[in-house]
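Chemist: Take a look at this one; I'll ask things after.
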């Protein structure tokens with residue numbers, strides 16, 4: 001059986017849908033793990049599909065062991081609790097603590113193979129967002145000789161472009177004509193739907209096929225933040241410019257002028273150092289090869305930007 005975590009999150013739910021809709025896995029061979037109360041209305045759609053739903057909370061290791069019982073494979077989506085990583089969290093104080101708990105619980109429950117979702121940055125990386133991922137990857141590779149594993153370095157979501165583009169969450173209602181960032185570089189943006197299909201294909205295949213591998217699930221076509229500024233300008237019919245400043249000036253602007261939380265901004269600003277170093281310029285063809293098997297082509301970032309702005 002295959003256990004799937006974060007099945008109500010963006011990536012987890014999309015992977016679950018692909019597993020079922022493409023008949024990659026029979027629903028009787030799936031265990032959906034969630035930190036929500038299994039009786040909540042939020043989970044009714046899953047129960048109505050005849051899926052097995054189990055409670056699994058990163059802060060309750062015993063719940064993880066119970067949730068993974070009887071499963072041979074685990075699809076472990078990284079925890080969204082990013083505040084754990086703030087202020088240069090030391091080892092086993094950041095998000096990797098949650099990941100280690102899940103990994104150890106899976107080993108205790110008898111899981112033989114773990115698929116872990118990392119991010120498509122380099123290793124080592126200048127991006128603080130990668131710290132917990134790199135620590136988790138190292139734990140799997142160096143401390144877990146009793147199981148096999150696959151690291152899925154998921155591409156930067158098409159749908160996440162507003163975060164990188166100066167917290168541009170107002171979308172069509174945004175009034176800013178100048179977007180402040182701390183660096184720019186080519187990024188192999190990849191839609192959640194494309195990643196979910198490829199991920200579902202991999203985790204439903206034989207463990208032997210991908211054991212011990214680190215895969216970058218990104219399309220190879222890239223767009224810079226400057227390119228995004230041009231796309232936004234075209235869609236909105238008005239010029240929106242990109243302004244590249246130092247990390248210190250970026251942090252000062254978003255904390256003092258935009259009211260963002262200081263630890264969050266300081267943690268995030270290092271991402272731009274990684275972009276400048278082309279860490280997200282991905283050449284791994286795994287995702288595109290898998291999409292071809294499903295007769296699909298990667299969704300261009302421009303298409304996603306236009307959809308979100310309209």
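The values are calculated or read from the model by the stated rules, or taken from the named source; none is laboratory data. Note that the coordinates shown come from a computational prediction; the quantities given were computed from them, not determined experimentally. Because the Cβ atoms are built from the backbone with ideal geometry, glycine has one as well, and the counts that use them run over all protein chains shown.
Chemist: Checking residue 151 against (1) under 22 Å from the mean Cα position of the chain (by Cα); (2) part of a loop (DSSP other than H, G, I, E, B); (3) crowded, with 18+ Cβ neighbours inside 10 Å: exactly one of these is not met. Which one?
Modeler: The single condition residue 151 does not satisfy is (2).
Chemist: Continuing with this model, one more query. Mind telling me which of the residues 203, 228 ends up being at pLDDT 95 or above and more than 22 Å from residue 133 (Cα to Cα)?
Modeler: 228
Chemist: Next up: Filter segment 120-131 down to the residues that are closer than 17 Å to residue 83 by Cβ and part of a loop (DSSP other than H, G, I, E, B) and list them by number.
Modeler: 127
Chemist: I need the full set of residues from segment 170-192 which are surrounded by 18 or more Cβ atoms within 10 Å (Cβ to Cβ), out of contact with any strand residue (DSSP E or B) (no Cβ under 9 Å at 6 or more places or on another chain) and within 25 Å of residue 10 (Cα to Cα), in order please.
Modeler: 174
Chemist: Same structure, new question: Determine whether residue 289 is surrounded by fewer than 18 Cβ atoms within 10 Å (Cβ to Cβ), farther than 22 Å from residue 176 by Cα and in contact with a strand residue (DSSP E or B) (Cβ under 8 Å, 6 or more places away or on another chain).
Modeler: Considered against the rule, which asks whether it is surrounded by fewer than 18 Cβ atoms within 10 Å (Cβ to Cβ), farther than 22 Å from residue 176 by Cα and in contact with a strand residue (DSSP E or B) (Cβ under 8 Å, 6 or more places away or on another chain), residue 289 comes out as no.
So that you can scan it fast, the table gives a plain yes or no per residue for (1) closer than 17 Å to residue 128 by Cα; (2) surrounded by fewer than 18 Cβ atoms within 10 Å (Cβ to Cβ); (3) within 22 Å of the chain's Cα centre (by Cα):
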| site | (1), (2), (3) |
| --- | --- |
| 29 | no, yes, no |
| 61 | no, yes, no |
| 64 | no, no, yes |
| 68 | no, no, yes |
| 72 | no, yes, no |
| 80 | yes, yes, yes |
| 92 | yes, yes, yes |
| 101 | no, no, yes |
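Chemist: For segment 293-310, what are the residues that are part of a helix (DSSP H, G or I) and at pLDDT below 95?
Modeler: 293
Chemist: Can you tell which of 260, 276 is closer than 17 Å to residue 119 by Cα, within 23 Å of the chain's Cα centre (by Cα), surrounded by fewer than 18 Cβ atoms within 10 Å (Cβ to Cβ) and at pLDDT 95 or above?
Modeler: Only one candidate passes the filter, namely 276.
Chemist: Out of all the residues in segment 205-223, which are touching a strand residue (DSSP E or B) at 6+ places or on another chain (Cβ under 7 Å) and surrounded by fewer than 22 Cβ atoms within 10 Å (Cβ to Cβ)?
Modeler: Scanning segment 205-223 gives 207, 210, 211, 212, 213, 214, 215, 222, 223.
Chemist: May I ask you to list the residues in segment 154-176 that are part of a helix (DSSP H, G or I), touching a helix residue (DSSP H, G or I) at 6+ places or on another chain (Cβ under 9 Å) and more than 19 Å from residue 216 (Cβ to Cβ)?
Modeler: Once the filter is applied, which keeps residues that are part of a helix (DSSP H, G or I), touching a helix residue (DSSP H, G or I) at 6+ places or on another chain (Cβ under 9 Å) and more than 19 Å from residue 216 (Cβ to Cβ), segment 154-176 yields 162, 163, 171, 172.
Chemist: So, one more: Could you tell me which numbered condition residue 45 fails, if it satisfies all but one of (1) touching a helix residue (DSSP H, G or I) at 6+ places or on another chain (Cβ under 9 Å); (2) farther than 24 Å from residue 157 by Cα?
Modeler: All conditions are met except number (1).
Chemist: On the given criteria, is residue 134 in a helix (DSSP H, G or I) and free of Cβ contacts under 8 Å to residues at least 24 places away in the same chain?
Modeler: Numbers: in a helix (DSSP H, G or I): yes; free of Cβ contacts under 8 Å to residues at least 24 places away in the same chain: yes.
Spelling it out, residue 134 is indeed in a helix (DSSP H, G or I) and free of Cβ contacts under 8 Å to residues at least 24 places away in the same chain.
Chemist: Looking at residue 172 and the list (1) at pLDDT 95 or above; (2) more than 24 Å from residue 19 (Cα to Cα), which single condition is not satisfied?
Modeler: Result: residue 172 fails condition (1) only.
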